[in-house]
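**Student:** A single structure is presented below for examination.
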Amino acid sequence: MSSPGTGDDTAIRAVAARALDLVVDGTTIGLGTGRAAAAFIAGLGIRVRGGLHVRGVPTSEASAAQARSLAIPLVDLEDAGELDLTVDGADEVAPNLDLIKGFGNALVRERIVAAASRRQVILVGRDKLVAALGARGRIPVEVIPFARALVTRRVAALSLTPSLRGDASGGAPIVTDNGNVILDCTPPGPLDARAARALEAAVLAIPGVVDTGLFLGTAERVLVGDPNGTVEVLERRS
């Protein structure tokens, strides 16, 4: 993790600040999970203390706890209706704005909240841009624990190399907020758009798979931060 004051921190602060420009009074916002989303939530808390009226729908218990600590009003997804905007991070961004998400364990709730939103805006540093998905070596797959052995065999048959995600000590498996485990699946090589969609369909067809970290065609725009504090806006083509 970067130390305070590094260029990476500057990039994340810059994209978080730009995303705050999209928030107007009365907005219902999906609050993502991860470092970039946390920077956005921190900035949103400052705006709320200044009198901005918003409602947040968190994508993880961690994001919910941060929002509560900043007095950002939260609402359940069932009571929120259609969300105006979701602001989140990503672990990989392809040139067509396809994403890999889930390195922070919250991919299922991130998917649901994004699907309930009119717009999904992604915040990243330039290091998250890749030529093709899978460049960083893993695709998260959230799995019901009872099905772990079956899913492990089936994803291996798809030429993926699965590894059970463990906690920081390398001991117990990570358990998601939904009570599931995550298999990090290494593809044999980077995936173009067609291959990513075929793989997503094949993995989702395996009994016991809850979701994958392949977020294909969900992002309306990606805000890319640079170490000098500038922000590039990438928009998905219609």
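The values are calculated or read from the model by the stated rules, or taken from the named source; none is laboratory data. Since the structure is predicted, the reported quantities are computational estimates derived from the model, not experimental observations. Using ideal geometry, Cβ is built from the backbone for each residue, glycine included, and neighbour counts are taken over all protein chains shown.
**Student:** How about the range 137-157: which of its residues are over 16 Å from ALA201 (Cβ atoms) and touching a strand residue (DSSP E or B) at 6+ places or on another chain (Cβ under 7 Å)?
**Tutor:** At the first step, the residues of the range 137-157 found to be over 16 Å from ALA201 (Cβ atoms) are 137-138, 140, 142-150, 152-153, 156.
Answer for the range 137-157, where residues must be over 16 Å from ALA201 (Cβ atoms) and touching a strand residue (DSSP E or B) at 6+ places or on another chain (Cβ under 7 Å): GLY137, ARG138, PRO140, GLU142, VAL143, ILE144, PRO145, ARG148, THR152, ALA156.
**Student:** Given the condition assigned by TED's automatic domain parsing to the domain that holds VAL121, aliphatic (A, V, I, L, M) and not in a helix (DSSP H, G or I), answer yes or no: does some residue in the range 41-48 qualify?
**Tutor:** At the first step, the residues of the range 41-48 found to be assigned by TED's automatic domain parsing to the domain that holds VAL121 are 41-48.
Pick out the ones that are also aliphatic (A, V, I, L, M) and you get 41-42, 44, 46, 48.
Right, trim to not in a helix (DSSP H, G or I) and you get none.
The answer is no, given that none of the residues of the range 41-48 is assigned by TED's automatic domain parsing to the domain that holds VAL121, aliphatic (A, V, I, L, M) and not in a helix (DSSP H, G or I).
**Student:** Does VAL175 fit the bill of being aliphatic (A, V, I, L, M), closer than 19 Å to GLY32 by Cα and exposed (fewer than 15 other Cβ atoms within 10 Å of the Cβ)? Outline the logic, then answer.
**Tutor:** Values: aliphatic (A, V, I, L, M): yes; closer than 19 Å to GLY32 by Cα: yes; exposed (fewer than 15 other Cβ atoms within 10 Å of the Cβ): yes.
Yes, satisfied.
**Student:** Report whether or not LEU129 is in contact (Cβ under 8 Å) with a residue 60 or more places away in the chain and buried (at least 23 other Cβ atoms within 10 Å of the Cβ). Let's see the steps before the verdict.
**Tutor:** Numbers: in contact (Cβ under 8 Å) with a residue 60 or more places away in the chain: yes; buried (at least 23 other Cβ atoms within 10 Å of the Cβ): no.
It is false that LEU129 is in contact (Cβ under 8 Å) with a residue 60 or more places away in the chain and buried (at least 23 other Cβ atoms within 10 Å of the Cβ).
**Student:** Hey, among LEU160, LEU183, which residue is outside the structural domain of GLU61 (by TED's automatic domain parsing) and within 20 Å of the chain's Cα centre (by Cα)? Don't jump to the end; show me each part of the working.
**Tutor:** Details: LEU160 fails: within 20 Å of the chain's Cα centre (by Cα).
Every option except LEU183 fails the conditions.
**Student:** Filter the range 84-112 down to the residues that are surrounded by fewer than 19 Cβ atoms within 10 Å (Cβ to Cβ) and within 24 Å of GLY179 (Cα to Cα) and list them by number. Spell out the reasoning first.
**Tutor:** Within the range 84-112, the first condition is being surrounded by fewer than 19 Cβ atoms within 10 Å (Cβ to Cβ), and the residues that meet it are 95-96, 112.
Matches in the range 84-112: ILE112 only.
**Student:** Out of everything in the range 215-234 that is among the hydrophobic types (A, V, I, L, M, F, W, C) and assigned to a loop (DSSP other than H, G, I, E, B), what residue ends up being surrounded by the most Cβ atoms within 10 Å (Cβ to Cβ)?
**Tutor:** Ranking the qualifying residues of the range 215-234, first place goes to ALA219.
**Student:** How many of the residues in the range 136-149 are within 13 Å of VAL181 (Cβ to Cβ), in contact (Cβ under 8 Å) with a residue 40 or more places away in the chain and aliphatic (A, V, I, L, M)?
**Tutor:** Pass one, the range 136-149, residues within 13 Å of VAL181 (Cβ to Cβ): 140-149.
From what is left, the residues that are in contact (Cβ under 8 Å) with a residue 40 or more places away in the chain are 140-144, 146-148.
Filter once more, keeping what is aliphatic (A, V, I, L, M): 141, 143-144, 147.
The number of residues fulfilling the criteria is 4.
**Student:** Quickly run through the range 62-83 and pick out the residues that are part of a helix (DSSP H, G or I), surrounded by 15 or more Cβ atoms within 10 Å (Cβ to Cβ) and over 19 Å from the mean Cα position of the chain (by Cα).
**Tutor:** Correct list: ALA80 only.
**Student:** Restricting to the range 178-202, and then to whatever is touching a helix residue (DSSP H, G or I) at 6+ places or on another chain (Cβ under 8 Å) and more than 24 Å from LEU129 (Cα to Cα), can you tell me which residue is surrounded by the most Cβ atoms within 10 Å (Cβ to Cβ)?
**Tutor:** By that ranking, first place goes to ASN180.
**Student:** Which of the residues belonging to the range 79-106 are without any contact (Cβ under 8 Å) to a residue 60 or more places away in the chain and among the β-branched types (Val, Ile, Thr)? Full working, then the answer.
**Tutor:** In the first step, residues of the range 79-106 are kept if they are without any contact (Cβ under 8 Å) to a residue 60 or more places away in the chain; the result is 79-84, 86, 88-89, 92, 95.
The one that is without any contact (Cβ under 8 Å) to a residue 60 or more places away in the chain and among the β-branched types (Val, Ile, Thr): THR86.
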